[in-house]
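The values are calculated or read from the model by the stated rules, or taken from the named source; none is laboratory data. If you're wondering where the values come from, they're calculated on a predicted model, not measured in any experiment. Virtual Cβ from ideal backbone geometry, glycine too; neighbours counted across all protein chains shown. Surface areas here come from the heavy atoms of the whole protein model, side chains and all, with no ligands, DNA or RNA. Shrake-Rupley method; radii C 1.70, N 1.55, O 1.52, S 1.80 Å.
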2 protein chains.
Amino acid sequence: MSEQTFTTVGTRPIRHDGVDKVTGRANYGADISLPRMLHGVVLRSPHAHARILSIDTTRARSMPGVKAVVTGRDIPLVQAKLAMGEAALDLRDMGDNLLAHDKALYHGHAVAAVAATSLDVADQAARQIVVTYEVLRPVLSIEQATARNAPILHEGLKTIGRPTIETKGPTNIAGKLELKLGDVERGFTEADVVIEREFRTPTVHQGYIEPHACVAQTGEDGRATVWTTTQGPFVVRDACAGILGMDAARIKVIPTEIGGGFGGKIPVYLEPLAIVLSRKAQRPVKLVMSREDDFRASGPTSATVIRMKLGAKRDGTLTAASTSLWYEAGAYKGSPFGAGAMCVLACYRIPNFFIESYDVVVNKPKVAAYRAPGSPMAAFAIESVMDELAETLAVDPIAIRLKNAVVEGDRAPYGPSYGPIGLKQVLVAAAAHPHWKAPLADSQGRGVACGFWFNAGMSSSATVTLNADGSASLVTGNPDIGGTRVAQAMMVAEELGIEVDRVRPCVGDTDSAGFTDVTGGSRVCYATGAAVIQAARDVKDQLRARAAKIWDVQPDAVGWNNGCALPPGAAADRQPLSLTELAPQMAKTGGPIVGRAAVNLPMAGPGFAIHICDLEVDRGTGKSKVVRYTALQDVGRAVHPGFVEGQMQGGAAQGIGWALNEEYIFDENGVMENAGFLDYRMPVTSDLPMIDTVIVEVANPLHPYGVRGVGEVPIVPPLAAVANAMHAVTGVRFTRLPLSPPRVLEGLVAAG
Amino acid sequence: MSEQTFTTVGTRPIRHDGVDKVTGRANYGADISLPRMLHGVVLRSPHAHARILSIDTTRARSMPGVKAVVTGRDIPLVQAKLAMGEAALDLRDMGDNLLAHDKALYHGHAVAAVAATSLDVADQAARQIVVTYEVLRPVLSIEQATARNAPILHEGLKTIGRPTIETKGPTNIAGKLELKLGDVERGFTEADVVIEREFRTPTVHQGYIEPHACVAQTGEDGRATVWTTTQGPFVVRDACAGILGMDAARIKVIPTEIGGGFGGKIPVYLEPLAIVLSRKAQRPVKLVMSREDDFRASGPTSATVIRMKLGAKRDGTLTAASTSLWYEAGAYKGSPFGAGAMCVLACYRIPNFFIESYDVVVNKPKVAAYRAPGSPMAAFAIESVMDELAETLAVDPIAIRLKNAVVEGDRAPYGPSYGPIGLKQVLVAAAAHPHWKAPLADSQGRGVACGFWFNAGMSSSATVTLNADGSASLVTGNPDIGGTRVAQAMMVAEELGIEVDRVRPCVGDTDSAGFTDVTGGSRVCYATGAAVIQAARDVKDQLRARAAKIWDVQPDAVGWNNGCALPPGAAADRQPLSLTELAPQMAKTGGPIVGRAAVNLPMAGPGFAIHICDLEVDRGTGKSKVVRYTALQDVGRAVHPGFVEGQMQGGAAQGIGWALNEEYIFDENGVMENAGFLDYRMPVTSDLPMIDTVIVEVANPLHPYGVRGVGEVPIVPPLAAVANAMHAVTGVRFTRLPLSPPRVLEGLVAAG
């Protein structure tokens, strides 16, 4: 596997969609406009928790220019689930989140929507809708949610537990997962050092540049076309079909270009509303979130409380771990509490552990996926404690991780044994990296932390069409967020032996592409890539058959090398036929050549990383700045190293923002006080140094080229890497994020 | 074959695109608008034949709002051909037709084009372009073109002949085809009756409702996207690529809905100009032909002169035929003279024949295909003479045709032997039809005529994707003119055992669909249909394999019937698994299911028809009216009988227009005097009776369901059927079309 040689893979061609994107010609969600299009406005709840007593839309409906008004009554509550890979989305909850039915469950929860001939008219009409609320006490934290006599969000909610647990009375705990191994009590008894701490992370948002936006057009025949900025056109189609009780074949979803998603553009917030509004008005309807809407009413990730207890022998060998993870789900069940439980100890060989993880509903927007969902918070806990353990035992922090690092054959805490993985390799590379030994100023400190993510597989389809001039077209169903068009085109080029620029990669819509799961889970280059390679090989097989026909030999006897069909011994007098010679003869030798493949890859190649962070802290103000940062990661195979580096840098940047400044600040009524980029402080270019990257390639045997996915792992280590660096400068062990200047100053003052 | 039973095939579901089309929501060529789009105007030659001495664009270019001006210099003349099925398009001629280089070859020939911020500015700018011409004598007929010392259109033109002939000096004859059998001299000697006449048909236009229109957007990277109303998105792509020297993969052609084509929307007139203008301006450019442009500068069909000599024994048995066919090509070689030669005698068993056919360039717009290209004019000649023969021998006109009709096993005049064909069956059906024996008024007469068309095969691709809810999506590359979406969806429904409404048929663009030849040649339901059926069967095979996986048996052992996988004996305890049960399990049983097929069908099933026409003539004015009309045709298999009838009625209507009123009227300078629908008189609803149809189904063994194509045959008989009816009323044998009132009156007067 590792001895594969490549022609195109590993190079850095310009992405096919690059020019359109830098010149502003690419069309994003809000760029779509149709003749006679109406503009929609969503009316949102001013209360974080309130019973809806009545909604009067009379005045709004009678306003000139208003063509449709919808409320929860227009969205049926379907008792069904929608499969997404191994997960299942609850269509009832999705419907209730689209438009509140009985209760508004967070500040910003949609309660009605209006479509009118202009945005202004729609906005005025929305203000004329009279909603009568009975305001209830909001639940705004894990503690409030689990307190005795806590207000209950969903009266019928039961805790779904693995192993099965018994719910006692009304609860806000929607789910629980336990994982264990060995004898934890004995493990801690065997430890020379035991460290126990509690960590807290706030609600943070993916902060993609482009807010949610879509246009829907529904015809008199009920068929709908939806243009939307999404990571999953098939999810949008199937969710809309499921919620609205339509055949999937009656909805066509056309994904626009997408200005970032990071997991936040998987759920549907606007699309079913736009369909229903359009169906009522019999005109196309556009819905666009403002940045404020996007913060208040799309899905951020969970705030968490994590208790972590870790024991080790004097030489650093881990003996036991016990951890309790609490994830806020927002208004409806479904936080990444399960993934958190599975990731938290995934880097280390620990003979005895107990993990329990909880899914807790609170009066905040329903969380969505955010890059390696659930793992960064868990890593913040374990990697902070590992750092403290190294400090306590006076061991090098990389050395202690190396001593306990999982290798091929070790059992993952979530069950299966690891195949070939690269944690050891990235740790060794980090220890040898100049950054690790570089001198620091007095005001500076250095931290390291590891990170783990499963990487996903799931379903993907691909079609490769050969053109008569030897160029090729490629259709897949994954919106291109991180350069997947060019990476997939490179795979076709590699297989067919043509230039990457002669491959035209195309993001299909739900009619033209075969079913494909979301762009997410770090799965596109891996799973869709595998389908692309298979489809290209299907083309190659057909080309071999065409050459066989020309040579009058058996297809199986024809070889292929370097873009050429090779004649068998039986046709030794023949010259090889190149793809560019065979392509013009397609019609004569049997017709067009279209290769296709569809895969469902339940397994993927786990990814590991270590990040090194140098932080400079102003002790007078608590303000800190990352001055040097290096991300080392095993990516299996870097198809396009430029975009692999970009993913590593982007993930690190988001993790640094999470560590240092980002947080939802709620008032006591559950109103977010900083719903804008001025007050919700994400890192910008000037906040960050150039992030160095080291690509490690331990080939993943599940993929023909060894790809294992790259995009999510790099957001996992930064939370702890930054906090560990903060400790290195200040001597204070911060356990609550973000490490914003006021909190750091407070910590410094408290520590004297 | 004929014992196949169908569930969906043969029913008349509503077309999927129907509601969009009747409500005006469907988007046609001119409906496309893009941000920052420019509008283009084409400057056209005021002379039918002129040397271009100079073109000065200085003033036009300096006008405010003008963003690009192009002339012939911007369109390279490529010495290459583009394969289209068996034919080859001359890219050099196409380039010169797009923008005249050295000479303007017809009135309306494009010489320059302007793109500006508004149509008005573009129009004003075009008027500011100064073209200096040396006006030459135009060649406006076969006689003028072949006269001694005729002006020569193309100085280097040589006659391409089959069998090879020798060109003597400069010529306007571009091509010649000879076909012969037996001993013609002896054949005529054996005849008891010999009839010889010369026939003339005028230049006529397809008269589609929607003129040519397109938008092109070219990026800084040279990649182009073209939205256009076309019968052949892949032809547009490959022609643009060939002419402009681009990779096909760098051009994406998105076919809009199409308001008729009939062959006239296969060539490119605007698309390469729009690309070049857009490349210069770096903005999208829209080009739309006016109706006048469309008449003057798109491709009508050939005017012809056909001499026909036919000999028969007293009992009606044909003994010999000799025919000479002359087809005007317009300004560039490539009339349907070859098809005319092959069709002219295709209905009859004639032991001795000689056919010669010529392709002649004249100073008129280059002809394009028009529904059964070349065959209607040839049928006008042979079917008129057959009528005269029947009259002379006092034989029933259907009986004489039955006596000589070709049947399975007979040799076609163009070489191969016929497979199962339905000429006899349609003749028998006509003789038995009530129309044939119905009484006529004094002012009325009845004519019949037969028609033949090959029907085409060529290359097609299809992709069928199964959705988890059991619905399916279908992508093919043929714009839907005659109801092909629903017919193809019916094939998928038939194969998979689902409702036709659960299949979503989609016309792909050149990126998302596999290569597919044009919508034309009556090939879509036949060849693309065959690909669709294969792709659906591919889905079915995959479903059988999934059921086999569930049952843990061999895939080959699993049967399929009525939408259900059937367990083999080895799993006799299992229940059949329906598609709707298998579809939701796709992901778990191996991933998405995408079926695909690509075919190249060089052969097709020849189609035959007979039409019966009752004509009422006002002897005082020469005005005539079709009062009853019946079209009988062997279509192999009517997948959607409603659209089959529509094709038969539409073809008949166009043929009746050609027979009665349509013609290009040129002045002596080659200027068309009637370039608009007021003066170019096509039949409208009030001109025609309801056209009755009789569908005959002699299954075509080359297609899984027996389809043989339907759309072209019905335009072949009407020219002669109407003329024969005219003779029946008036006693005058008209040999020159159209039979417009002045010409009929003239004929009546001449006959006394």
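Report, by residue number, each residue of the range B:144-178 that is of a type in the set (S, T, Y) and either open to solvent by less than 50 Å² (accessible area, probe 1.4 Å) or touching a strand residue (DSSP E or B) at 6+ places or on another chain (Cβ under 6 Å) (or both).
Residues satisfying the conditions are B:T159, B:T167, B:T171.
Within the range B:624-677, can you find the residues that are open to solvent by 30 Å² or more (accessible area, probe 1.4 Å), within 15 Å of B:Y208 (Cα to Cα) and over 20 Å from the mean Cα position of the chain (by Cα)?
The answer is B:F677, and nothing else.
Which members of the range B:184-221 meet the condition of being surrounded by fewer than 15 Cβ atoms within 10 Å (Cβ to Cβ) and under 30 Å from B:R314 (Cα atoms)? Show your work before the answer.
The first filter runs over the range B:184-221 and keeps only residues surrounded by fewer than 15 Cβ atoms within 10 Å (Cβ to Cβ), leaving B:185-186, B:189, B:192, B:196, B:198, B:209, B:220.
Selection gives B:E185, B:R186, B:T189, B:D192, B:E196, B:E198.
Without any contact (Cβ under 8 Å) to a residue 12 or more places away in the chain and within 30 Å of A:G242 (Cβ to Cβ) - does that describe any residue in the range B:589-607?
Yes; the residues of the range B:589-607 include at least one that is without any contact (Cβ under 8 Å) to a residue 12 or more places away in the chain and within 30 Å of A:G242 (Cβ to Cβ).
Does any residue of the range B:489-503 turn out to be closer than 15 Å to B:T580 by Cβ, within 9 Å of chain A (Cβ to nearest Cβ) and open to solvent by less than 10 Å² (accessible area, probe 1.4 Å)?
Yes: one or more hits.
Can you find, within the range B:433-463, the residue that is most open to solvent (accessible area, probe 1.4 Å) among those that are under 26 Å from B:I610 (Cα atoms) and within 14 Å of chain A (Cβ to nearest Cβ)?
B:A456
Residues being surrounded by fewer than 19 Cβ atoms within 10 Å (Cβ to Cβ), in contact with a helix residue (DSSP H, G or I) (Cβ under 6 Å, 6 or more places away or on another chain) and within 14 Å of chain B (Cβ to nearest Cβ): count how many of those fall in the range A:11-69.
2
Here's a check for you: in the range B:464-487, which residue that is open to solvent by 10 Å² or more (accessible area, probe 1.4 Å) and within 25 Å of A:T516 (Cβ to Cβ) is nearest to the other protein chains (Cβ to nearest Cβ)?
Looking at the filtered set, the residue picked out is B:D469.
I need the full set of residues from the range A:251-273 which are farther than 16 Å from A:Y28 by Cβ and touching a strand residue (DSSP E or B) at 6+ places or on another chain (Cβ under 7 Å), in order please.
Correct list: A:I251, A:K252, A:L273.
Among the residues of the range B:516-540, which ones are more than 9 Å from every other protein chain (Cβ to nearest Cβ) and part of a loop (DSSP other than H, G, I, E, B)?
B:V518, B:T519, B:G520, B:G521, B:S522, B:R523
Name the residues in the range B:707-721 that are farther than 17 Å from B:T484 by Cβ, touching a Ser or Thr at 6+ places or on another chain (Cβ under 8 Å) and part of a loop (DSSP other than H, G, I, E, B), would you?
B:V716
Residue-wise test of (1) within 14 Å of chain B (Cβ to nearest Cβ); (2) modelled with pLDDT under 95; (3) open to solvent by 20 Å² or more (accessible area, probe 1.4 Å).
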{"position": "A:A545", "(1), (2), (3)": "yes, no, yes"}
{"position": "A:Q554", "(1), (2), (3)": "no, yes, yes"}
{"position": "A:Q575", "(1), (2), (3)": "no, yes, yes"}
{"position": "A:H611", "(1), (2), (3)": "no, no, no"}
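Is there any pair linking a residue in the range B:26-37 that is over 25 Å from A:T23 (Cβ atoms) to one that is open to solvent by 70 Å² or more (accessible area, probe 1.4 Å) and at pLDDT 95 or above, with Cβ under 8 Å and at least six apart or on different chains, and which?
B:G29/B:V288; B:A30/B:V288
Got a sec? Which strands (runs of 3 or more DSSP E) wholly within the range B:192-253 have at least 2 residues that are basic (K, R), away from chain A (no Cβ under 14 Å) and under 20 Å from the mean Cα position of the chain (by Cα)? Walk me through how you get there before you give the answer.
Details: elements: B:193-201, B:213-218, B:224-228.
Once the strands (runs of 3 or more DSSP E) in the range B:192-253 are filtered for at least 2 residues that are basic (K, R), away from chain A (no Cβ under 14 Å) and under 20 Å from the mean Cα position of the chain (by Cα), nothing remains.
Go through (1) more than 28 Å from B:E663 (Cα to Cα); (2) of a type in the set (F, W, Y); (3) in a loop (DSSP other than H, G, I, E, B) and name the single condition B:F262 misses.
Evaluating B:F262 over (1) more than 28 Å from B:E663 (Cα to Cα); (2) of a type in the set (F, W, Y); (3) in a loop (DSSP other than H, G, I, E, B) leaves (1) as the failure.
Quick check: anything in the range B:685-702 touching a residue at least 24 places away in the same chain (Cβ under 8 Å), in a strand (DSSP E or B), acidic (D, E) and surrounded by fewer than 21 Cβ atoms within 10 Å (Cβ to Cβ)?
Yes, the range B:685-702 contains at least one residue that is touching a residue at least 24 places away in the same chain (Cβ under 8 Å), in a strand (DSSP E or B), acidic (D, E) and surrounded by fewer than 21 Cβ atoms within 10 Å (Cβ to Cβ).
Assess whether B:P568 counts as being under 30 Å from B:V475 (Cβ atoms), open to solvent by 10 Å² or more (accessible area, probe 1.4 Å) and either without any contact (Cβ under 8 Å) to a residue 12 or more places away in the chain or not β-branched (V, I, T) (or both). Give the derivation first.
Details: under 30 Å from B:V475 (Cβ atoms): no; open to solvent by 10 Å² or more (accessible area, probe 1.4 Å): yes; either without any contact (Cβ under 8 Å) to a residue 12 or more places away in the chain or not β-branched (V, I, T) (or both): yes.
So B:P568 fails the test.
Give A:A369, A:A329 a once-over and let me know the one that is open to solvent by 10 Å² or more (accessible area, probe 1.4 Å) and under 20 Å from the mean Cα position of the chain (by Cα).
Answer to the selection: A:A369.
Being part of a helix (DSSP H, G or I) and either open to solvent by less than 30 Å² (accessible area, probe 1.4 Å) or within 8 Å of another protein chain (Cβ to nearest Cβ) (or both) is the filter here; which residues of the range B:579-602 pass it?
Of everything in the range B:579-602, those that are part of a helix (DSSP H, G or I) and either open to solvent by less than 30 Å² (accessible area, probe 1.4 Å) or within 8 Å of another protein chain (Cβ to nearest Cβ) (or both) turn out to be B:L579, B:L582, B:A583, B:P584.
Restricting attention to the range B:385-398, does a residue exist that is open to solvent by less than 10 Å² (accessible area, probe 1.4 Å) and not in a helix (DSSP H, G or I)?
Checked the range B:385-398: no residue is open to solvent by less than 10 Å² (accessible area, probe 1.4 Å) and not in a helix (DSSP H, G or I).
Quick one: would you say A:L157 is under 29 Å from A:Q654 (Cα atoms) and not assigned by TED's automatic domain parsing to the domain that holds A:D96?
In short, no.
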